[in-house]
1. Please count how many residues of the range 4-50 are farther than 17 Å from Met163 by Cα, under 20 Å from the mean Cα position of the chain (by Cα), loosely packed, with under 14 Cβ neighbours inside 10 Å and modelled with pLDDT of 65 or more.
2. Inspect the range 56-67 for any residue being hydroxyl-bearing (Ser, Thr, Tyr), in a strand (DSSP E or B) and touching a Phe, Trp or Tyr at 6+ places or on another chain (Cβ under 9 Å) and give the result as yes or no.
3. State all residues of the range 186-219 that are under 17 Å from Lys109 (Cα atoms), in contact with a Ser or Thr (Cβ under 9 Å, 6 or more places away or on another chain) and in a strand (DSSP E or B); if no residue qualifies, say none.
4. In this structure, is Tyr81 at pLDDT below 80, among the aromatic types (Phe, Trp, Tyr), in contact with a Phe, Trp or Tyr (Cβ under 9 Å, 6 or more places away or on another chain) and outside any loop (DSSP other than H, G, I, E, B)?
5. How about the range 101-185: which strands (runs of 3 or more DSSP E) wholly inside it have at least 1 residues that are of a type outside the set (Ser, Thr, Tyr), modelled with pLDDT of 90 or more and closer than 23 Å to Val57 by Cβ?
6. Do you know which residues across the range 161-199 are surrounded by fewer than 23 Cβ atoms within 10 Å (Cβ to Cβ) and in contact with a Gly (Cβ under 7 Å, 6 or more places away or on another chain)?
Amino acid sequence: MNSKGWLLGILLGVLIIILLRLFSSAYIYHQIVDGHEITQLFPLSFSQQLSINNDPVQITINPEKKTIQFNTFILTPIATYQLRAQVLSKNRHYNTHLDAAMSSFMDSKLFPIDIALGWGLMSDPERLKHVTVTQYGRWDFWQPKDSSITNEEVMLHSDNFHMIPGSRAVFEKLNSLKIGQQVSLLGYLVNVKTVNDEYHWDSAFEGYYSGPGACRIFLVIDVKE
């Protein structure tokens, strides 16, 4: 094959990849939940005191929990949640067999994006020079580079969030976030299970820690830069 043939093949391959990604994104848009029903049950708005220097604001929802069904998923709100934070890492997921295998079978139609967020000292540029934050599969990994920041400080001022966009507009805003960007998010911590009860995912709720179950499942209804 001559050089023109090789070039044409490469361009065709790139075009196919782009089309597949666009198709995946469009498919997710149609599967997105509608957060309007939850806001009717549990109204909330951004706090005027919200600051990246402060901890997230988490308020437990009445123990008499109400469940909401979206397609094949049942969501149970457990707390209202809002924060101002810095994007430390972001991982976009697609509904592929590999993604499912690396994601504890979390359905990417419902959980299309994971974002690691930091506040307080984990949003301080000088402190962030002393820690690395990465994501793999559905988990985030962090490692202090020296004694300038401790494991406890990282855990208390950052977390990995499995994002459930409450609308197409929210999905697009979350998907456009860049590492290092500051953002305010408003919504609910939720527990999720499938209608047939085959799979269930519970959000972290009390405190900030590491290990299995440490990530928060965040149904986001509003995003402000």
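1. 1
2. Within the range 56-67, one or more residues are hydroxyl-bearing (Ser, Thr, Tyr), in a strand (DSSP E or B) and touching a Phe, Trp or Tyr at 6+ places or on another chain (Cβ under 9 Å).
3. Val190, Asn191, Val192, Lys193, Thr194, His200, Trp201, Ile217, Phe218 - these are the residues of the range 186-219 that are under 17 Å from Lys109 (Cα atoms), in contact with a Ser or Thr (Cβ under 9 Å, 6 or more places away or on another chain) and in a strand (DSSP E or B).
4. Taking the combined requirement at face value, the residue does not satisfy it.
5. On the way: elements: 113-118, 131-136, 139-144, 158-165.
Qualifying strands (runs of 3 or more DSSP E): 113-118, 158-165.
6. Ser167
The values are calculated or read from the model by the stated rules, or taken from the named source; none is laboratory data. A quick note: this is a predicted structure, and the numbers were derived from the prediction, not measured. No Cβ is skipped: glycine too gets one built from the backbone with ideal geometry, and neighbour counts run over all protein chains shown.
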